[in-house]
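The values are calculated or read from the model by the stated rules, or taken from the named source; none is laboratory data. Remember, it's a predicted structure, so these values are computed and weren't measured experimentally. Cβ: placed from backbone, ideal geometry, glycine included. Neighbour counts: every protein chain shown. Remember, those area values only see protein heavy atoms, side chains included, never the ligands or the DNA or RNA. Shrake-Rupley method; radii C 1.70, N 1.55, O 1.52, S 1.80 Å.
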There are 2 protein chains.
Amino acid sequence: AYQKHAHDFFMPEALREDLQKKAEATLQVMPNSQLPNLDTYHTLVALDTSHRKSATVFGYPSWVYKATSMKNGYMYCLRRLEGYRLTNERAIRSVKDWRRVNCGGVVSVVDAFTTRAFGDSSLIFVTNYHPLSKTLVEHHFTNTSRFGNRASQTVPEPVLWNYIVQIASAVKAVHSANLAVRCMDPSKVMVTDKGRIRLGACSVLDVVQFEAQRPLAELQQEDFIHFGKLILSIATNNLSVTTTPNLAPLVEQLARNYSSEFRDTVVWLLTPAQAPATKGVGELLSGIATHVVDAFDSSLHANDTLYSELAREVENGRLARLLMKLGTINERPEYEGDVNWSETSERYILKLFRDYVFHQVNAEGRPVLDMGHMVACLNKLDAGSQEKISLASRDEQSVFVVTYSEIKKQVNAAWSELQKPTRR
Amino acid sequence: AYQKHAHDFFMPEALREDLQKKAEATLQVMPNSQLPNLDTYHTLVALDTSHRKSATVFGYPSWVYKATSMKNGYMYCLRRLEGYRLTNERAIRSVKDWRRVNCGGVVSVVDAFTTRAFGDSSLIFVTNYHPLSKTLVEHHFTNTSRFGNRASQTVPEPVLWNYIVQIASAVKAVHSANLAVRCMDPSKVMVTDKGRIRLGACSVLDVVQFEAQRPLAELQQEDFIHFGKLILSIATNNLSVTTTPNLAPLVEQLARNYSSEFRDTVVWLLTPAQAPATKGVGELLSGIATHVVDAFDSSLHANDTLYSELAREVENGRLARLLMKLGTINERPEYEGDVNWSETSERYILKLFRDYVFHQVNAEGRPVLDMGHMVACLNKLDAGSQEKISLASRDEQSVFVVTYSEIKKQVNAAWSELQKPTRR
Ligand SMILES: Nc1ncnc2c1ncn2[C@@H]1O[C@H](COP(=O)(O)OP(=O)(O)OP(=O)(O)O)[C@@H](O)[C@H]1O
Ligand SMILES: Nc1ncnc2c1ncn2[C@@H]1O[C@H](COP(=O)(O)OP(=O)(O)OP(=O)(O)O)[C@@H](O)[C@H]1O
Ligand SMILES: [Mg+2]
Ligand SMILES: [Mg+2]
């Protein structure tokens, strides 16, 4: 196989373990759940770890669930706003525009609807589900984060540049779809994979604050300020940034741990343009271009690693299919005593091959349990190699010398035999 | 599982097929090869598709091989410069500096040495091997490219921006390692994966033109001109760009198919700075920042797709390992007639489970060959599910009702039994 690169900005160290945990989290259900089924979503599981009822972000308490779609069987994330009453149908229709936004830095918005299934009047937002994701608050502000960070640790500057690049990319996608992010609270930005963040509450305020009818241009300009506050709050380890009237002392504090380029970027984000001038994401991207290209290169490296891991696993997949074929052929009870499967039959070879692959013993008669040997044999079988092997009968009275290629023919013949509509 | 995104800039449509073809290309050997073995590399296979002997790019005819390293068993790419005589040891040592460059847009340089194994005096460059890669010439200028492109087709602007971003990223990595690319001939830039290009001849001219001792700053400034010529030649479908004295008419021609932003970028690359001013890659990146971020987002989408494909394949890998375990346990000849494996033994269950998974028959007694059933059974076994199944003995006289969890315990017990140093 070809080589892996050593970059790891976006690559979990224990990739397999990570995948396994996510698969488990995706499949996990709550046995005695009191949660209702909705019209098109069933098997709801609460994702909120705290039961704190807070209305600060949206003006309504909100709860998050994962649920399975009846339509396609996929898992989605549902965000429920408790006690919301829809007064204008157009409010909820604005969510449709978000389907056009397909960006790696935005949790994709799928749908929104109201429901009485929870015993109140609730508003539900359906988005993509990212198993085991954490909010930036959970990730950076709690001691017990699954990443083992301590709350008081300074977040390294390269991590923050990586966030800035991803959010800038998301803002570009959102603004060019003629929308605004509106909510960038640290509790609504998700860490979905190693180094990957996504804006997690898009479209919610569009519905909830629909009546205010604020002009898009104004909301887009405000996005830069939300962006600046988000970065400032993580960099200063201070969650009250959103409510602090005077940010100057916090900005000063940045000098302690961060470069002037970094501080200048935060200041640019926080400083409104002098009307009638406006700020644009293009200007931001030009200023941080070298960081964008660094993130790009990291991402390409992650791609290369994933690609070669995938190459290896695809090989395993082939072996699994081959093993299942062999499993169906050998030792079928209905063939017991069948003359065609007797020791003179060509298919008898497959039985001996099975012994050769799985039942090797060493000089002392001890089982050899070497998966490397098994994988090598199966790979050669799959490839139909010209290599010859000697297969001894169990009584050691006869030895057959065959190539893998011949055995492969036998497997395929036996497999098609089993598939025939009627037996001889 | 969670959803895939629809982006495909970096993702082959037939991912599995692509991986399979690359694996085959990697393993392919030439039966009656006349190629020599080198000190540390064996099993050389020529990668040049034409036998044209051309010295235009390096001043020496060059040939490309893949070969296996004796040291680690990995596959590498060797480029041989025919008839090169080393006069100064320091020339070849300059290659070491290239090992510091670890960039997704550069074919990694591993080593260089001279050899007489080909019957002449040859210079060998060792680089990473990228199976089935094509040069930009092969990809864009030949009718018979494996991508089915016609030579006369205009390359779409987004494809060229993608190239520009990747090469800019590579130039950044090279320049900041105090090196210069020097060779960006379209025949020396590789398309290694869908949408991915890499500079493929780094370090060669550093050795071959060592004596000229040209200043680094001058070479770096020249890189921008090489860069401009490369893009111009692909955009105008004209391979003589490198040798044409007057590029103005070709640049004019760009107006037909490309935006003014694109033309301005090419012109910027082709225009030398007014000394003493110099051009820097940072300036270039600021100018093309929105394209960089687009490439970044595509790459993140590719990551997401690869990640979910990998999740699926990892599952297959677990099943393959489980099947191999089962293979080692059932039907071992040395257990034939062993009372511990008799029909009263608990391990007898495993034999019946094997029948349940692989040897199902339908109402007419026909084999059921449903891999879905097998995969489902094996997944439940692996997870140790509490689900109960009924296992009937072959004579149908006894039925055992067991959970997957109990069977899992049996498998693990039997497997450890086999691993014990001595048998009872
Ligand atoms: N799209 C999603 N996929 C998977 N998990 C998600 C998704 N969106 C949110 N979550 C998870 O759900 C949990 C609850 O999210 P929520 O936004 O309610 O955060 P919170 O800390 O409870 O904030 P609040 O106090 O505003 O409710 C978090 O752990 C978050 O990572
Ligand atoms: N690192 C590599 N890994 C895999 N294949 C490579 C690598 N480098 C080059 N190749 C392949 O080897 C082949 C020959 O490369 P080469 O540079 O000789 O091109 P060429 O068209 O023959 O040019 P020239 O006329 O200069 O020899 C090309 O198909 C190229 O894609
Ligand atoms: Mg909550
Ligand atoms: Mg060649």
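Numbers below:
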{"quantity": "Residues that are farther than 20 Å from residue B:214 by Cα, aliphatic (A, V, I, L, M) and part of a helix (DSSP H, G or I), drawn from the stretch B:153-172", "calculated": "B:159, B:160, B:164, B:165, B:167, B:168, B:170"}
{"quantity": "Criterion violated by residue A:154 - all others in (1) away from ligand 1 (no atom under 16 Å from the Cβ); (2) modelled with pLDDT of 95 or more; (3) of a type outside the set (A, V, I, L, M, F, W, C) satisfied", "calculated": "(2)"}
{"quantity": "Any chance residue B:29 is among the aliphatic types (A, V, I, L, M) and away from ligand 4 (no atom under 16 Å from the Cβ)", "calculated": "yes"}
{"quantity": "Pairs with Cβ under 7 Å, 6+ apart, first in the stretch A:41-53 and within 14 Å of residue A:131 (Cβ to Cβ), second assigned to a strand (DSSP E or B) and within 10 Å of ligand 1 (Cβ to nearest atom)", "calculated": "A:45/A:65; A:45/A:66; A:47/A:64; A:47/A:65; A:47/A:66"}
{"quantity": "The lone exception for residue B:23 - which of (1) surrounded by 13 or more Cβ atoms within 10 Å (Cβ to Cβ); (2) touching a strand residue (DSSP E or B) at 6+ places or on another chain (Cβ under 7 Å) it fails", "calculated": "(2)"}
{"quantity": "Close pairs (6 angstrom Cβ cut-off, 6 or more residues apart or separate chains): away from chain A (no Cβ under 12 Å) in the stretch B:155-177, surrounded by fewer than 18 Cβ atoms within 10 Å (Cβ to Cβ) and assigned to a helix (DSSP H, G or I) anywhere", "calculated": "B:177/B:100"}
{"quantity": "In the stretch A:348-376, the residues that are in contact (Cβ under 8 Å) with a residue 24 or more places away in the chain and among the β-branched types (Val, Ile, Thr)", "calculated": "A:349, A:375"}
{"quantity": "When residues of the stretch B:106-123 are limited to those that are touching a residue at least 40 places away in the same chain (Cβ under 8 Å) and within 19 Å of residue B:185 (Cα to Cα), the one farthest from the chain's Cα centre (by Cα)", "calculated": "B:109"}
{"quantity": "Any hit, the stretch A:208-227, residues being more than 14 Å from chain B (Cβ to nearest Cβ), within 15 Å of ligand 1 (Cβ to nearest atom) and of a type outside the set (Val, Ile, Thr)", "calculated": "no"}
{"quantity": "Some residue of the stretch A:268-282 being at the interface with another protein chain (Cβ under 9 Å from one of its Cβ atoms) and surrounded by 16 or more Cβ atoms within 10 Å (Cβ to Cβ)", "calculated": "yes"}
{"quantity": "Hits in the stretch B:370-424 (condition: part of a loop (DSSP other than H, G, I, E, B), over 22 Å from residue A:28 (Cβ atoms) and either away from chain A (no Cβ under 11 Å) or open to solvent by 40 Å² or more (accessible area, probe 1.4 Å) (or both))", "calculated": "B:370, B:394, B:395, B:396, B:397, B:398, B:420, B:421, B:422, B:423, B:424"}
{"quantity": "Any chance residue A:230 is assigned to a helix (DSSP H, G or I) and either away from chain B (no Cβ under 14 Å) or within 16 Å of ligand 3 (Cβ to nearest atom) (or both)", "calculated": "yes"}
{"quantity": "Qualifying residue in the stretch B:40-53 (condition: open to solvent by 40 Å² or more (accessible area, probe 1.4 Å) and closer than 30 Å to residue B:311 by Cα)", "calculated": "no"}
{"quantity": "Residue ID - nearest to residue A:300 (Cα to Cα), chosen from residues in the stretch B:109-121 that are open to solvent by 20 Å² or more (accessible area, probe 1.4 Å) and either within 13 Å of chain A (Cβ to nearest Cβ) or in a loop (DSSP other than H, G, I, E, B) (or both)", "calculated": "B:110"}
{"quantity": "Lone unmet requirement of (1) touching a residue at least 24 places away in the same chain (Cβ under 8 Å); (2) more than 16 Å from ligand 2 (Cβ to nearest atom); (3) out of contact with any Gly (no Cβ under 8 Å at 6 or more places or on another chain); (4) open to solvent by 20 Å² or more (accessible area, probe 1.4 Å) for residue B:9", "calculated": "(3)"}
{"quantity": "When residues of the stretch A:131-151 are limited to those that are open to solvent by less than 20 Å² (accessible area, probe 1.4 Å) and assigned to a loop (DSSP other than H, G, I, E, B), the one modelled with the highest pLDDT", "calculated": "A:131"}
{"quantity": "Scope the stretch A:15-42; condition more than 10 Å from chain B (Cβ to nearest Cβ) and small (Gly, Ala, Ser); matching residues", "calculated": "A:25, A:33"}
{"quantity": "Top-ranked residue of the stretch B:58-108 - restricted to ones that are within 14 Å of chain A (Cβ to nearest Cβ) and open to solvent by 60 Å² or more (accessible area, probe 1.4 Å), ranked as nearest to ligand 3 (Cβ to nearest atom)", "calculated": "B:100"}
{"quantity": "Selected residue (criterion: farthest from the other protein chains (Cβ to nearest Cβ)) from residues of the stretch B:286-335 that are over 30 Å from residue B:13 (Cα atoms) and at pLDDT 95 or above", "calculated": "B:287"}
{"quantity": "Pairs, first more than 30 Å from residue B:15 (Cα to Cα) in the stretch B:189-215, second modelled with pLDDT of 95 or more and within 16 Å of ligand 1 (Cβ to nearest atom), C-beta under 7 Å, six or more apart", "calculated": "none"}
